[in-house]
1. Could you tell me how many of the residues in region 30-50 are more than 13 Å from ligand 1 (Cβ to nearest atom) and at pLDDT below 95?
2. Only residues that are within 16 Å of L203 (Cα to Cα) and either more than 9 Å from ligand 2 (Cβ to nearest atom) or touching a Lys or Arg at 6+ places or on another chain (Cβ under 8 Å) (or both): list them for region 49-68, please.
3. Under 9 Å between Cβ atoms, which residue pairs at least 6 apart in sequence (or on different chains) link something in region 35-54 that is at negative phi with a partner that is of a type in the set (V, I, T) and near ligand 1 (Cβ under 7 Å from one of its atoms)?
4. Restrict the check to region 18-27 and report whether at least one residue is part of a strand (DSSP E or B), in contact with a Gly (Cβ under 8 Å, 6 or more places away or on another chain) and crowded, with 21+ Cβ neighbours inside 10 Å.
5. Show the residue pairs meeting these rules: Cβ distance below 9 Å; 6+ apart or different chains; first residue within region 165-188 and within 17 Å of R155 (Cα to Cα) and within 16 Å of ligand 1 (Cβ to nearest atom); second residue charged (D, E, K, R) and assigned to a helix (DSSP H, G or I).
6. Please work out if R235 is assigned to a helix (DSSP H, G or I), surrounded by 13 or more Cβ atoms within 10 Å (Cβ to Cβ) and at pLDDT 95 or above.
7. Does any residue of region 122-131 turn out to be over 19 Å from the mean Cα position of the chain (by Cα), surrounded by 23 or more Cβ atoms within 10 Å (Cβ to Cβ) and either within 16 Å of ligand 1 (Cβ to nearest atom) or outside any strand (DSSP E or B) (or both)?
8. Could you tell me which residue of region 54-70 is surrounded by the fewest Cβ atoms within 10 Å (Cβ to Cβ), considering only residues that are over 11 Å from the mean Cα position of the chain (by Cα), among the β-branched types (V, I, T) and part of a helix (DSSP H, G or I)?
Amino acid sequence: MSLAETQSRGEVTIRDLAKSFALDGQRLQVLRDLNLDIEAGESLAIVGASGSGKTTLLRVLAGLETADGGQVLIDGEPIQGVGTERAVIFQEPRLLPWLTVLGNVAFGLESRGVAKAEAQSRARHYIRLVGLQEFENAYPRQLSGGMAQRVGIARALTVQPEILLLDEPLGALDAMTKITMQEELARIWHDEKVTMVLVTHDLEEAIFLADRVLVLPKQRGAAPRLIDVDLPRPRDRNEPGFVAMRRRLMAEFGLH
Ligand SMILES: Nc1ncnc2c1ncn2[C@@H]1O[C@H](COP(=O)(O)OP(=O)(O)OP(=O)(O)O)[C@@H](O)[C@H]1O
Ligand SMILES: [Mg+2]
């Protein structure tokens with residue numbers, strides 16, 4: 001692969017993006033004139049009040065929802081629906097109950113025509129990465145919530161996407177599992193060098209994982225704000241810079 005190619009993989013360009021929905025015979029304008037460049041390999045968090053359009057934006061980036069104005073480009077090319085260079089991780093992992101952990105993780109590759117043995121060997125690599133090697137023969141019903149979510153992450157990584165789109169992936173987990181998983185996500189992002197777009201309502205999670213945080217305003221029509229998280233990695237939640245950043249982000253929401 002040429003240097004130019006390696007440099008451009010996973011870059012997202014959002015131009016004048018607009019999205020509205022029909023609601024009670026009116027148009028609900030959820031996104032308006034959104035412009036944003038996400039660098040290849042960057043980690044961007046999206047935060048905002050409930051209903052501010054976080055999931056809508058992520059679904060447009062995933063190609064699951066069409067915009068009604070503007071464009072999304074991946075490495076300079078306009079997206080057309082879903083694409084293999086993007087993988088989405090939802091709050092619930094939505095595993096296939098009749099397949100084992102190995103079967104679920106290998107499924108995406110097998111359905112793309114990769115031979116079973118090769119698919120399973122690549123799946124095993126990512127199962128190890130999320131620490132579930134002891135459970136590859138377990139079925140989804142035999143897993144805890146955090147383990148099931150790790151299977152979802154392994155499944156998304158196995159197809160080697162350039163861009164990982166996550167919608168509150170840790171929202172359903174207990175506080176302790178959540179912290180462990182945040183550390184795992186930070187490590188995976190670093191090792192896999194993927195572009196990561198993470199929707200979260202957890203400001204600490206945003207600061208822990210992101211290079212920049214996009215704050216979607218509650219008031220429709222107000223401009224979104226972008227905040228740089230200029231803190232060394234790996235990040236320490238108790239370090240003064242981290243605490244100051246949390247305070248600053250809370251202030252964006254009028255919280256103290
Ligand atoms: N398919 C749809 N049809 C109509 N309205 C929709 C649709 N999807 C989303 N909306 C509306 O768009 C707005 C933004 O919704 P979205 O799900 O993007 O919010 P969110 O920021 O992800 O909220 P939360 O934090 O609660 O997940 C909401 O007012 C919602 O009612
Ligand atoms: Mg949402």
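The values are calculated or read from the model by the stated rules, or taken from the named source; none is laboratory data. Quantities reported herein were computed from a predicted structural model and do not represent experimental measurements. Because the Cβ atoms are built from the backbone with ideal geometry, glycine has one as well, and the counts that use them run over all protein chains shown.
1. 1
2. Within region 49-68, A49, S52 qualify.
3. A45/V199; I46/V199; V47/V199; S52/V30; K54/V199
4. Yes, region 18-27 has at least one match.
5. L165/R59; D167/K54; D167/R59; E168/K54; L170/K178; L170/E205
6. Considered against the rule, which asks whether it is assigned to a helix (DSSP H, G or I), surrounded by 13 or more Cβ atoms within 10 Å (Cβ to Cβ) and at pLDDT 95 or above, R235 comes out as no.
7. yes
8. Checked region 54-70; the qualifying residue surrounded by the fewest Cβ atoms within 10 Å (Cβ to Cβ) is T56.
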